[in-house]
1. Name, by its number, the condition in (1) assigned to a loop (DSSP other than H, G, I, E, B); (2) on the phi < 0 side of the Ramachandran plot; (3) touching a Ser or Thr at 6+ places or on another chain (Cβ under 9 Å) that does not hold for ASN129.
2. Looking at the stretch 17-36, which of the residues that are among the β-branched types (Val, Ile, Thr) and within 24 Å of THR149 (Cα to Cα) is nearest to the chain's Cα centre (by Cα)?
3. Find the residue count for the stretch 147-174, including only residues that are surrounded by 12 or more Cβ atoms within 10 Å (Cβ to Cβ) and assigned to a helix (DSSP H, G or I).
4. Between GLU150, GLU133, GLU127, GLU109, which is farther than 21 Å from LEU60 by Cα and either outside the structural domain of ALA63 (by TED's automatic domain parsing) or not basic (Lys, Arg) (or both)?
5. Can you find, within the stretch 1-51, the residue that is modelled with the lowest pLDDT among those that are more than 18 Å from ASP61 (Cα to Cα) and among the polar types (S, T, N, Q)?
6. Select, from LEU76, LEU144, LEU96, the only residue that is touching an Asp or Glu at 6+ places or on another chain (Cβ under 6 Å) and either without any contact (Cβ under 8 Å) to a residue 40 or more places away in the chain or surrounded by 18 or more Cβ atoms within 10 Å (Cβ to Cβ) (or both).
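The values are calculated or read from the model by the stated rules, or taken from the named source; none is laboratory data. These figures come from a predicted structure and were not determined experimentally. Here the Cβ positions follow ideal geometry from the backbone for every residue, glycine too, while neighbour counts run over all protein chains shown.
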Amino acid sequence: MENQDYKAIIESILFTMGESVELSKIAAAIELDKPETKRLLDELITDYAQSGRGITIIELDGAYQMCTRPEMYEYLIRIARQPKHRALTDVLLETLSIIAYKQPITRVEIEKIRGVSCDHAVNKLLEYNLIQELGRLDAPGKPLLFGTTEEFLRSFGVHSIDELPVLNPDQVEEFRQQAEEEMQVQLNI
């Protein structure tokens, strides 16, 4: 089989699946090793970018997905109903940040960091598909573990969790002190 044939098969897989597909699964389907399959995927990504097509292939944490180029969104909106805008409140963003940086994490651990109940925030983030259940902690009560999803990566424009900004320890300490001060003010009211 020639490279063009393999590329056609990869396109078919990504188009049909609609979701991201792991490199290892694509390699197994086309019966090539992972490095050769990655090379073909990289060539396809370049081909799409150079030809100015309306679709592209993106990599998300070792998996690949075919999707619309962001520059085309305004034209899609003209033809389709505008998708419902999900508002991420400060509470949701705070909870999501904790999960992103501490995953896998339990609800109790999130509440310990935030200092308040997080049931509503966790449920909303699950509904928005920004977090998912990763399993259960091997501890009494077997609490659920949460982590971020591929939708989180897409929404925040990163390819993997490793691309999240590194937190400065001094800033973390400053935020902790501010939170403690705010808590004291609230308790004294």
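1. It fails just one condition, (2).
2. If we take residues in the stretch 17-36 being among the β-branched types (Val, Ile, Thr) and within 24 Å of THR149 (Cα to Cα), then VAL21 is nearest to the chain's Cα centre (by Cα).
3. Within the stretch 147-174, residues that are surrounded by 12 or more Cβ atoms within 10 Å (Cβ to Cβ) and assigned to a helix (DSSP H, G or I) number 8.
4. GLU109
5. Within the stretch 1-51, the match that is modelled with the lowest pLDDT is ASN3.
6. One residue alone meets the criteria, LEU144.
Matching residues to (1) among the aliphatic types (A, V, I, L, M); (2) under 19 Å from ARG154 (Cβ atoms); (3) in contact with a His (Cβ under 6 Å, 6 or more places away or on another chain); (4) surrounded by 14 or more Cβ atoms within 10 Å (Cβ to Cβ):
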residue: LEU14; (1), (2), (3), (4): yes, yes, no, yes
residue: ALA28; (1), (2), (3), (4): yes, no, no, no
residue: GLN50; (1), (2), (3), (4): no, no, no, no
residue: THR56; (1), (2), (3), (4): no, yes, no, yes
residue: ALA63; (1), (2), (3), (4): yes, yes, no, yes
residue: PRO70; (1), (2), (3), (4): no, yes, no, no
